[in-house]
Amino acid sequence: MTNHLLLCFSLITLQLHAVDFRVGAARVDITPKDGTPLGGYYKFRGSAGVLDPLYAKTIVMEKDGTHAVIVVLDLSGTVRAGVEAARKAIQEQCGIEGDHVMISGTHTHTGPQQPRGSMMDDITKVNSPAGVSYIGSLPGLIAESVKQAKAKLAPVKTSIAIGKAEGLSFNRRILREGQQEAIWQPRTLTPQDRPAGPVDPDVGVLLFQGAGTDATPVASLLNFAMHPTSVGSGPKISADYPGVFTKLVSERHGTDMISVFANGCCGNINHTDYVTGKRRTTLELGTALADAVDAAWPDLKSVDTFKPRIRSEQVTLTRKKFTEGQIAKAKDMAASMLTRNFGTVPMAETVCILETVAKQDVPLVAEVQVIAISDDVAIVALPGEIFVELGLAIKKASPFKHTLIAELANGSIGYVPNREAFPQGNYEVVSARGEAGSGEKLVEVALKLLKDAKTTK
Ligand SMILES: [Zn+2]
């Protein structure tokens, strides 16, 4: 009888254990050595010194043997070849299917560049020995972070809150009365000027705490939409405001907690207040966001997690078209662009035109991915610098109560403006690879995947 009871008890325990939602998190230092080509601007910068370290931060989630992995890199973004190499390494070393892995970049402008297969590679010298050596090391470092996170898998309690950071981020495209073209990052404004679009003040906080009575915070996924460009275009390495933000959240809420920041749809969102000209420092930005998390902390609501549902689709978009005249002009400028600075917007346009011409027979493919972990919580990955309007459209129409979005995820097709922005031109539009409507297509696919993840196990 006793044996029988014991057996029953063990079976029940086993069964309970098998249905636990488990999470493990880890971070691995990915700070490059001096001399590594940096990204973020249309010029070569070899890194010289480190203000603060860069990390690959990973959250592994698991239930019933199904894993979902979120990796965020303190890099200017992700490139498809790098994502594929990292997924392969993760599959081989950790036994987790590559398509269950979401990898995004914070978009820090003071981190290493990755090769994009465009003239940017020549400008940034990313294919120099220092660049190649760094890029070659990344898949192994990312897989290592996943391996460490997976080894720490333990039952968790999950909760979510959406905080607000009002007045911190600004739409960097401005419309002036009587002028069709948007002004990009103006230094001064007239009283009639107005932002061309909104911002997204939401600060998403997804928290995983140990299931024990002490409920020790294990990991947090933080989400906000704003360009990390506060450090400047010097040669020193920095994770920018996401570095300060995540460090403060861990210091304040759990020193052993891995805080991971996924940047939202911030293609047209910066930290400069264009009305007053005020630019907050990296420390001020990170602190304001950590304060927003503090304010949201009491609102954290428990989430009933289920086995991760992962959906993804490869979307083929149409490349923009250019006239013979535009192509000739671009070739002309390109001839002296490695030695002369023509300014960001003309250089961005030239790089885009030449890449489009070179790749006219190569499909422009974008992976849209969704990870849902409960009836209330889903995370969407989009591969580019997505305009805030598109992110807001996904959040609004999503069947999930809380939808977090990671941009520059699983690769990048560059800027993705909303349709309305195209006739207004300027930086993001001239550098976009996809034609008008590409962003709306990504939104449509994201919503389809979200709906599927909501309704089908
Ligand atoms: Zn950007």
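FYI, it's all coordinate maths here, none of it is from the lab. Everything numeric here is computed off the predicted structure, so don't read it as measured data. Virtual Cβ from ideal backbone geometry, glycine too; neighbours counted across all protein chains shown.
Are any residues in the range 45-66 part of a loop (DSSP other than H, G, I, E, B) and touching a Ser or Thr at 6+ places or on another chain (Cβ under 6 Å), and if so, which ones?
Initial filter on the range 45-66 (part of a loop (DSSP other than H, G, I, E, B)): 45, 47-49, 51-54, 64-65.
Passing the criteria: SER47, LEU51, ASP52, PRO53, LEU54.
Of the residues making up the range 99-112, those that are of a type outside the set (Ser, Thr, Tyr), within 22 Å of CYS265 (Cβ to Cβ) and buried (at least 24 other Cβ atoms within 10 Å of the Cβ) are VAL101, MET102, ILE103, GLY105, HIS107, GLY111. VAL351 meets the conditions (1) out of contact with any helix residue (DSSP H, G or I) (no Cβ under 6 Å at 6 or more places or on another chain); (2) of a type in the set (Val, Ile, Thr); (3) within 16 Å of the ligand (Cβ to nearest atom) in every case but one. The failed one is (1).
Using the structure shown, decide if SER259 is under 30 Å from GLN360 (Cα atoms) and either among the β-branched types (Val, Ile, Thr) or not in a loop (DSSP other than H, G, I, E, B) (or both). Break it down stepwise before answering.
Numbers: under 30 Å from GLN360 (Cα atoms): no; either among the β-branched types (Val, Ile, Thr) or not in a loop (DSSP other than H, G, I, E, B) (or both): yes.
Taking the combined requirement at face value, the residue does not satisfy it.
Consider the range 174-196. How many of its residues are surrounded by fewer than 16 Cβ atoms within 10 Å (Cβ to Cβ) and among the β-branched types (Val, Ile, Thr)? Residues that pass the stated criteria total 2. Taking the criterion of being within 15 Å of the ligand (Cβ to nearest atom) and surrounded by fewer than 24 Cβ atoms within 10 Å (Cβ to Cβ), the residues of the range 236-274 that qualify are ASN270, THR272. Scanning the range 99-121 for residues that are in contact with a Pro (Cβ under 6 Å, 6 or more places away or on another chain) and away from the ligand (no atom under 16 Å from the Cβ) returns a single hit, ASP121. One residue alone among VAL218, VAL205, VAL199 is surrounded by 22 or more Cβ atoms within 10 Å (Cβ to Cβ) and part of a loop (DSSP other than H, G, I, E, B), and that residue is VAL199. Is it true that ILE160 is assigned to a strand (DSSP E or B), touching a Phe, Trp or Tyr at 6+ places or on another chain (Cβ under 8 Å) and not polar (S, T, N, Q)? Considered against the rule, which asks whether it is assigned to a strand (DSSP E or B), touching a Phe, Trp or Tyr at 6+ places or on another chain (Cβ under 8 Å) and not polar (S, T, N, Q), ILE160 comes out as no.
One residue is enough: does the range 371-382 have a residue meeting the conditions farther than 29 Å from GLU324 by Cα and without any contact (Cβ under 8 Å) to a residue 60 or more places away in the chain? Checking the range 371-382: not a single residue is farther than 29 Å from GLU324 by Cα and without any contact (Cβ under 8 Å) to a residue 60 or more places away in the chain.
The rows are residues; the columns are (1) within 30 Å of LEU283 (Cα to Cα); (2) surrounded by 17 or more Cβ atoms within 10 Å (Cβ to Cβ); (3) free of Cβ contacts under 8 Å to residues at least 40 places away in the same chain.
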| site | (1), (2), (3) |
| --- | --- |
| TYR41 | yes, yes, no |
| ALA68 | no, yes, no |
| GLY77 | yes, yes, no |
| GLY82 | no, yes, no |
| ILE90 | no, yes, no |
| GLU97 | no, no, yes |
| GLN114 | yes, yes, no |
| GLY136 | no, no, yes |
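A quick yes/no check of all residues on (1) outside any helix (DSSP H, G or I); (2) under 17 Å from the mean Cα position of the chain (by Cα):
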site: GLU84; (1), (2): no, yes
site: GLU92; (1), (2): no, no
site: SER104; (1), (2): yes, yes
site: HIS109; (1), (2): yes, yes
site: ILE123; (1), (2): no, no
site: ILE135; (1), (2): no, no
site: GLU144; (1), (2): no, no
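Please work out if LYS63 is surrounded by fewer than 24 Cβ atoms within 10 Å (Cβ to Cβ), more than 13 Å from ILE135 (Cβ to Cβ) and in contact with a strand residue (DSSP E or B) (Cβ under 6 Å, 6 or more places away or on another chain). Judged against the criteria, LYS63 is a match. You will find that of PHE387, PHE400, PHE422, the residue that is touching a residue at least 12 places away in the same chain (Cβ under 8 Å), within 30 Å of THR305 (Cβ to Cβ) and among the aromatic types (Phe, Trp, Tyr) is PHE400 and no other. Taken as a whole, the condition of being in contact (Cβ under 8 Å) with a residue 60 or more places away in the chain, in a helix (DSSP H, G or I) and of a type in the set (Ser, Thr, Tyr) does not apply to THR229.
Looking at the range 233-255, which of its residues are assigned to a loop (DSSP other than H, G, I, E, B) and among the small types (Gly, Ala, Ser)?
We begin by selecting, within the range 233-255, every residue assigned to a loop (DSSP other than H, G, I, E, B); these are 233-236, 238-240, 254-255.
Within the range 233-255, SER233, GLY234, SER238, ALA239, GLY254 meet the criteria.
Listed conditions (1) free of Cβ contacts under 8 Å to residues at least 12 places away in the same chain; (2) on the phi > 0 side of the Ramachandran plot are all met by GLY411, apart from (1).
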